[in-house]
Amino acid sequence: MSGNQNVQNKFSPFYWMKCPGDSPKGTRKDFINPEWIPWTNWLMPGTYFKLLLCDLVSGNFTMLLKVDPNIQATTHWHLHNTEAFILDGCFYYEDGDDKGHAGYYTCETAGSVHTPFTTPDGCLMFAISHGPIAGYNDDGELVVIADARLHYYMARENNAVEHTTVIDYAYGSTHLQD
């Protein structure tokens, strides 16, 4: 078989089905209790998160997000969709007429720019972000791109990643570099 045919084989679907990349499990458990994970300060005062999944390959991340009562979030822009299921409390957006209560689901769609508020009850939500969120200061200047890696670093700094599922290929996609 010529070298050229070998390269073509690496690009075939059959090659990737046999060697798609691997995120080693190591000592990670399949099931975790979020109570095992300490809360980590999030990106603004009065907000905290528990990182459940950090996909460094796709940029997705999943977390529990807790927001203190009567917090106005900083204005932010969703570069990708973020889904949230409200477990406790309530939050709403600038218009205030449409509120999300415990048991409600929302999808903050890609391109959304908004400023959420919590009620006097605060809010606890399960959130799946399909990519980064851009945060702005009061002058409208971009101050942070909160991607999966930044969330991982913040949680790691707080010793809060022991039970986080981390996806980061150890082999597979790197085979093309030989």
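For the structure I just gave you, tell me whether Ala146 is under 22 Å from Gly46 (Cβ atoms), under 14 Å from the mean Cα position of the chain (by Cα) and not β-branched (Val, Ile, Thr).
Answer is yes for this residue.
Return the residue satisfying two criteria in turn: it lies in the stretch 149-165 and is part of a loop (DSSP other than H, G, I, E, B) and under 15 Å from Leu53 (Cβ atoms), and of such residues it is nearest to the chain's Cα centre (by Cα).
Among them, the one singled out is Thr164.
All but one of (1) part of a loop (DSSP other than H, G, I, E, B); (2) within 20 Å of Leu52 (Cα to Cα) hold for Lys66; state the number of the condition that does not hold.
Condition (1) is where Lys66 drops out.
Please work out which residue is farthest from Phe126 (Cα to Cα), limiting yourself to the stretch 86-98 and to residues that are of a type outside the set (A, V, I, L, M, F, W, C) and surrounded by 14 or more Cβ atoms within 10 Å (Cβ to Cβ).
Filtering first and then ranking leaves Tyr93.
Give the stretch 93-107 a look and list any residue that's at pLDDT 95 or above and under 18 Å from Met44 (Cβ atoms), or say none.
Within the stretch 93-107, no residue meets the criteria.
Go through the stretch 87-142 and give me each residue that's within 15 Å of Leu64 (Cα to Cα), in a strand (DSSP E or B) and over 16 Å from the mean Cα position of the chain (by Cα).
Leu87, Asp88, Gly89, Cys90, Phe91, Tyr105, Gly122, Cys123
Hey, any hits in the stretch 99-120 for a residue that's surrounded by 14 or more Cβ atoms within 10 Å (Cβ to Cβ), within 25 Å of Pro38 (Cα to Cα), touching a Leu at 6+ places or on another chain (Cβ under 6 Å) and in contact (Cβ under 8 Å) with a residue 24 or more places away in the chain?
No, there is no match, as no residue in the stretch 99-120 is surrounded by 14 or more Cβ atoms within 10 Å (Cβ to Cβ), within 25 Å of Pro38 (Cα to Cα), touching a Leu at 6+ places or on another chain (Cβ under 6 Å) and in contact (Cβ under 8 Å) with a residue 24 or more places away in the chain.
Restricting attention to the stretch 61-68, does a residue exist that is among the acidic types (Asp, Glu) and over 16 Å from Met44 (Cα atoms)?
no
Yes or no, residue by residue, for (1) in a loop (DSSP other than H, G, I, E, B); (2) acidic (Asp, Glu); (3) at pLDDT 90 or above:
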| position | (1), (2), (3) |
| --- | --- |
| Gln8 | no, no, no |
| Gly26 | yes, no, no |
| Ile32 | yes, no, yes |
| Tyr48 | no, no, yes |
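Could you run through the stretch 40-62 and say how many residues are touching a residue at least 40 places away in the same chain (Cβ under 8 Å) and farther than 18 Å from Trp77 by Cα?
Total meeting the criteria: 12.
With the structure loaded, tell me whether His130 is of a type outside the set (Asp, Glu), over 26 Å from Asn159 (Cα atoms) and touching a residue at least 60 places away in the same chain (Cβ under 8 Å) or whether it fails that test.
In short, no.
The values are calculated or read from the model by the stated rules, or taken from the named source; none is laboratory data. Keep in mind that this is a model prediction, so the values were computed, not measured. Don't worry about glycine lacking a Cβ; one is built from the backbone with ideal geometry, like all the others, and counts go over all protein chains shown.
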